[in-house]
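Here's the structure we're looking at; comments come further down.
Please treat every number below as a calculation from the coordinates, not as lab data. Predicted model only: the values in this text are computed from it and were never measured. Backbone-built Cβ (ideal geometry, glycine too); neighbour counts: all protein chains shown.
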Amino acid sequence: MDLFDAVTSTAQGLPAPGAGAPLAVRMRPRTLAEVAGQAHLLVPGSPLRRLVEPADDATRRAAPTSVVLWGPPGTGKTTLAYLVAATSGRRFVELSAVTAGVKDVRAVVDDARRRLAADGSETVLFIDEVHRFTKAQQDALLPSVENRWVTLVAATTENPSFSVNSPLLSRSLLLTLQPLTTDDVRTLVQRAVADERGLAGSVTLDDDALDHLLRLAGGDARKALTILEAAAGAALADHGAADAAPATVDLATVERAIDVAAVRYDRDGDQHYDVISAFIKSMRGSDVDASLHYLARMVAAGEDPRFIARRIVIAAAEDVGMADPSALQTAVAAAQAVALIGMPEARIILAEAVVHLATAPKSNAAYLGIDRALADVRAGRIGTVPPHLRDAHYAGAGGLGHGKGYRYAHDEPHAVASQQHLPDDLVGTRYYEPSDRGFERSVGERLARIRSILDASDGPGTPGR
């Protein structure tokens with residue numbers, strides 16, 4: 001039998017959840033084999049696996065003494081902390097940074113030191129939401145981590161670089177948990193339906209009900225099991241006690257149990273493409289209300305916020321362009337923030353970017369410009385690079401006339417040199433034609449002056465007439 005097919009020891013301080021415990025608690029994985037996702041953290045020989053696995057003294061000394069688990073809600077941070085204690089036989093103590101203070105931390109550490117000195121028993125101290133601890137509270141943990149009085153497992157949904165003190169972070173191993181995939185959460189839900197610890201087959205779950213549940217969960221395993229428990233309770237309440245068949249959890253039951261109607265949106269079908277198309281065209285059309293409506297439909301249906309953010313970045317360059325260059329800055333910042341923060345707060349970031357793009361002046365001149373240039377290149381209208389623009393740094397280049405007559409733009413008035421830059425075959429070609437909207441109006445005015453200087457050239461690398 002594999003080590004992780006069964007729990008080999010029970011940690012003190014980890015009582016088995018009773019029948020009345022929440023479904024998410026009852027279904028907490030008992031072994032690493034039951035953990036959904038996070039395969040990158042659980043490969044053989046990984047620091048987390050060494051921390052969890054029972055081992056000899058030498059291996060245990062090589063294991064990390066403090067880990068910070070960073071990831072979105074419902075991705076398994078608490079589960080991994082429990083497994084560190086349960087499968088290794090260590091004593092488990094849990095503190096919440098929301099309610100605990102320095103006094104509580106020191107009491108746990110003092111008790112752990114006494115136990116370690118008395119009989120060698122080790123303590124796992126799990127601190128949930130460690131980012132809520134003050135600097136003084138985090139500093140109180142430093143001696144216990146340095147001296148291995150406890151094995152600290154700290155969990156946070158915030159970026160530890162900003163929320164955890166540098167001294168504590170430097171003494172800890174930072175492990176990043178990835179968002180659970182839809183398939184990961186589906187596996188957990190189906191296990192909870194069948195497992196004796198869960199619903200023990202008392203209900204069946206229709207496919208459309210499962211799909212709606214997964215969309216609402218948004219990759220949060222705890223949320224998925226909470227929704228399942230509410231829907232199963234509603235189905236069992238309506239089910240006749242004398243009926244031996246399992247109760248059915250259908251779409252209507254899920255909607256009624258949590259008062260959230262299913263959004264008719266298939267992420268792999270026509271509705272996905274129709275809604276994203278309407279979203280982009282509404283921003284392009286400057287209808288901010290319609291843009292927010294379609295954004296809400298995608299968010300409510302559980303669309304990947306990173307996908308939405310990518311479409312916003314594209315729209316900023318394609319449809320707003322140089323009419324408001326700051327729109328692209330907003331869009332890129334939003335995409336980065338969405339990846340950092342995750343849902344549900346990411347909806348606010350997406351909304352801010354959508355409002356900026358929808359209300360911004362519009363220009364597709366840069367988009368059309370590059371496509372015109374690409375069309376010429378693909379059609380063979382290329383020509384040769386003018387000699388005065390060619391690389392003149394290598395030996396023999398001067399003898400070929402490379403760089404001869406080149407005028408350094410910074411030495412010219414307005415930093416614009418009157419000389420030819422396009423190949424001979426393309427002289428006079430115009431790819432970029434700015435609009436008269438927003439910031440691009442001033443770009444157009446400046447560009448007209450620039451082009452008048454450039455066009456005054458009467459030959460490659462020579463001043464104008």
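How big is the gap, in Å, between the Cα center of the range 83-111 and the Cα center of the range 125-179? What the calculation gives is 12 Å, centre to centre. Comparing Ile280, Gln329, Tyr82 along the charge dipole axis of the chain, the residue lying farthest to the positive side is Gln329, per the Cβ-charge model. From the P(r) of the chain, can you give the percent of Cα pairs sitting at distances over 37 Å? Percentage above 37 Å: 50. Using Cβ point charges alone (K and R +1, D and E -1), the dipole size of the range 332-390 about the Cα centre works out to roughly 340 debye. Helices from the chain with mean Kyte-Doolittle at least 1.0 and a Cα length along the axis of 30 Å or more, per DSSP H: which? Counting only whole DSSP H runs, no helix qualifies.
Over the chain, dividing the summed -39,500 (n - 2.57) contributions of all DSSP H runs of at least 4 residues by the number of residues returns a 222 nm mean residue ellipticity of -13500 deg cm²/dmol. Restricting attention to the chain, close to 5% of DSSP beta bridges with both partner residues there are antiparallel.
Based on the alpha-carbon gyration tensor of the range 270-359 and its eigenvalue square roots a ≥ b ≥ c, which shape applies: rounded if a/c is under 1.5, prolate if not and a/b is larger than b/c, or oblate?
Oblate.
Taking the charge dipole of the range 182-258 about its Cα centre, with +1 at Lys and Arg Cβ atoms and -1 at Asp and Glu Cβ atoms, the residue from Gly219, Ala194, Ala237 reaching farthest to the positive side is Gly219.
Here the calculated FRET efficiency for Lys135 and Arg50, from their Cβ-Cβ distance with R0 = 30 Å, stands at 0.50, rounded to the nearest 0.05. In order along the range 38-46, the Karplus-derived 3J(HN,Hα) couplings, from 6.51 cos²θ - 1.76 cosθ + 1.60 at θ = phi - 60°, round to 6, 4, 5, 8, 10, 5, x, x, 5 Hz, and Gly and Pro are given as x. For Leu173, the residues 5 or more places off, or on other chains, whose built amide H falls under 5 Å of its own are Ser66, Val67, Val68. Less than 5 angstrom separates the built amide H of Ser46 from none of the residues sequence-distant by 5 or more or on a different chain.
Semi-axes, largest first, in whole Å: what does sqrt of 5 times each Cα gyration tensor eigenvalue give for the range 182-258?
Over the Cα atoms of the range 182-258, the semi-axes work out to 20, 13, 9 Å.
Please name whichever of Ala351, Pro17, Tyr432 sits farthest to the positive end of the charge dipole of the chain, dipole taken about the Cα centre and charges placed at Cβ: Lys and Arg +1, Asp and Glu -1. Of Ala351, Pro17, Tyr432, it is Tyr432.
In plain terms, if you count all Cα to Cα distances in the range 374-454 and split them into 5 Å steps from zero, the share in each step is 3, 12, 16, 18, 19, 16, 9, 4, 2, 1 percent.
Its Cα centre serving as origin, the chain has a Cβ charge dipole (Lys and Arg +1, Asp and Glu -1) of approximately 1440 debye.
What the pair-distance distribution of the range 304-410 shows, using all Cα-Cα distances binned every 10 Å from zero, is 14, 26, 20, 18, 16, 6, 0 percent.
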